[in-house]
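For reference, the structure discussed in these notes is given below.
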Amino acid sequence: MAQAQKRALITGITGQDGTYLAELLLSKNYQVYGLIRGQNNPKRAMVEQLLPAVELVEGDLSDMGSLVAALEYCQPDEVYNLGAISFVALSFKQPELTGDITGLGALRLLEAIRIIDGGKGKMRFYQASTSELYGKVRETPQNELTPFHPRSPYGVAKAYAHYMTVNYRESYGIHASCGILFNHESPRRGHEFVTRKVTSMVARIKLGLQKEIPLGNLDSKRDWGFAGDYVKGMWLMLQQDEPDDYVLATGETHSIKELLDVAFKEVGIEDWSESVKQDPRFMRPAEVDLLIGDPTKAKKVLGWQSETSFEELIKMMVKGDLELESQKLAK
Ligand code: NAP
Ligand code: F7E
């Protein structure tokens with residue numbers, strides 16, 4: 001007998017990970033629904049063009065009733081909670097909003113599942129946890145057992161969402177898993193994040209459209225992977241018989257200076273010292289200095305591993321931005 005088509009609901013469909021995850025699920029023949037907020041969301045057109053097979057459903061992580069209605073309508077087998085205020089710097093400026101959406105938003109969705117699924121155990125749940133939970137790291141590399149010490153309102157809100165997910169798994173038997181994902185990037189990354197800011201501005205410098213890149217702390221180090229690889233890990237977590245928490249990371253770390261080296265080299269510039277300006281506006285009240293993940297458990301249990309090197313990732317992003325900026329110039 002043919003298997004019934006699986007149904008998935010993604011919050012954060014307009015974000016970087018939402019689009020890659022939707023593409024993956026569509027390739028596996030899922031019926032995909034995306035939660036979209038606002039009365040005239042500027043990213044709706046982008047999603048409709050890129051993912052015409054995805055059905056958009058109105059809802060907001062701050063509005064419990066809308067989440068209940070979305071679940072009732074979609075009847076998903078899998079719910080991926082990717083929606084969040086995800087920019088660490090913004091979370092310092094809008095901590096209450098971050099707590100509401102990034103923290104309480106996860107609780108509202110878990111409650112909505114508890115109400116709509118009513119203990120049937122049909123709806124599996126993925127929570128987008130983060131390496132920002134480790135913050136001021138207690139050990140290196142970081143794994144699933146490393147204690148948390150978040151350093152921003154974003155990290156604290158994600159800690160709340162993480163522990164709520166674990167609590168709903170233990171209290172109500174919901175198949176709920178947390179992916180503790182280290183930084184992952186792509187040509188679809190928002191321009192506010194440092195990789196995309198650098199690759200898009202390097203492309204503009206190459207084309208003579210800009211002279212300098214204003215940046216904050218150049219010394220922090222991150223474990224950067226490719227978003228297209230990471231969404232496969234999200235899906236694998238929900239295919240396991242038992243829910244659990246997993247680190248997804250490359251196991252390598254690189255500084256912002258190394259990011260600048262690779263990006264500038266890709267456009268033929270070896271010495272970038274005159275093209276980067278330190279700007280205090282981009283410094284954070286508390287910094288996360290070094291992150292490097294240990295993805296051993298994900299490899300062993302899920303058979304997942306990062307497939308794209310740091311150099312490949314940054315070169316892919318610079319190429320994408322050169323194309324985009326050249327297209328804009330040609331118009
Ligand atoms: P992103 O590009 O910033 O996307 C965030 C998404 O959240 C957007 O679709 C946004 O929708 C949505 N959102 C914001 N406020 C909302 C609200 N009130 N109700 C419903 N949706 C709302 O983030 P991403 O990089 O794809 O990351 C996906 C998730 O993984 C996030 O939860 C992030 O915190 C987490 N994470 C990311 C990384 C990473 O390196 N990328 C690593 C670890 C964890 P609008 O377009 O309407 O604003
Ligand atoms: O900063 C430094 C900055 O904003 C990386 C989110 O997806 O990954 C992301 O959070 C580093 C930090 O990412 C600038 O101080 C220097 O040390 O690209 P970012 P993030 O804060 O690591 C985690 C895993 C998430 O979960 C988050 O949702 O770069 N940095 N100068 C700068 N950062 C930015 N954005 N802009 C600068 O000018």
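The values are calculated or read from the model by the stated rules, or taken from the named source; none is laboratory data. The model shown is predicted, which means the values in this text are computed figures rather than measured ones. Positions of Cβ are generated from backbone atoms using ideal geometry, with glycine treated the same way; all protein chains shown enter the neighbour counts. Ligands, DNA and RNA are stripped out before the accessible areas are found, and what is left, the full protein with its side chains, is counted by its heavy atoms. Shrake-Rupley method; radii C 1.70, N 1.55, O 1.52, S 1.80 Å.
A few notes on this one:
- Filtered residues of the stretch 96-113 (kept if more than 16 Å from ligand 2 (Cβ to nearest atom) and either touching a helix residue (DSSP H, G or I) at 6+ places or on another chain (Cβ under 6 Å) or of a type in the set (Phe, Trp, Tyr) (or both)): Leu107, Arg108, Leu109, Leu110, Ala112
- Pairs meeting the criteria (first residue in the stretch 270-285 and small (Gly, Ala, Ser), second residue assigned to a helix (DSSP H, G or I), beta carbons under 9 Å, at least 6 apart or on different chains) are Ser275/Met201; Ser275/Val202; Ser275/Ile205; Ser275/Leu260; Ser275/Phe264.
- Residue match in the stretch 116-130 (condition: at pLDDT 95 or above and surrounded by fewer than 16 Cβ atoms within 10 Å (Cβ to Cβ)): no
- Criterion applied to Glu266, Glu287, Glu307 was being closer than 23 Å to Tyr20 by Cβ and surrounded by fewer than 18 Cβ atoms within 10 Å (Cβ to Cβ), and the one residue passing it is Glu307.
- Within the stretch 201-222, residues that are touching a residue at least 40 places away in the same chain (Cβ under 8 Å) have Cβ atoms under 6 Å from residues that are near ligand 2 (Cβ under 8 Å from one of its atoms) and β-branched (Val, Ile, Thr) in these pairs: Leu218/Ile256, counting only partners at least 6 apart in sequence or on another chain.
- Which numbered condition Val194 misses (of (1) open to solvent by 60 Å² or more (accessible area, probe 1.4 Å); (2) within 15 Å of ligand 2 (Cβ to nearest atom)): (1)
- Meets criteria (closer than 15 Å to Val231 by Cβ and more than 9 Å from ligand 1 (Cβ to nearest atom)) for Ala8: yes
- Matching residues in the stretch 24-60 - criterion: being under 20 Å from Phe193 (Cβ atoms) and under 19 Å from the mean Cα position of the chain (by Cα): Lys43, Met46, Val47, Leu50
- Candidates in the stretch 57-91 are the residues that are more than 10 Å from ligand 1 (Cβ to nearest atom), open to solvent by 20 Å² or more (accessible area, probe 1.4 Å) and part of a helix (DSSP H, G or I); of these, the one that is farthest from Lys6 (Cα to Cα) is Ala89.
- The single condition among (1) buried (at least 23 other Cβ atoms within 10 Å of the Cβ); (2) part of a helix (DSSP H, G or I) that Leu9 does not meet is (2).
- Which listed residue is touching a helix residue (DSSP H, G or I) at 6+ places or on another chain (Cβ under 6 Å) and near ligand 2 (Cβ under 10 Å from one of its atoms), from Ile180, Ile213: Ile213
- Criterion: within 24 Å of Asn143 (Cβ to Cβ) and not small (Gly, Ala, Ser) - qualifying residue of Gln278, Gln240: Gln240
- Neighbours by Cβ (under 7 Å, 6+ apart or cross-chain): first from the stretch 29-58, away from ligand 2 (no atom under 16 Å from the Cβ) and of a type in the set (Asp, Glu); second at pLDDT 95 or above and not in a strand (DSSP E or B): Glu58/Ser66
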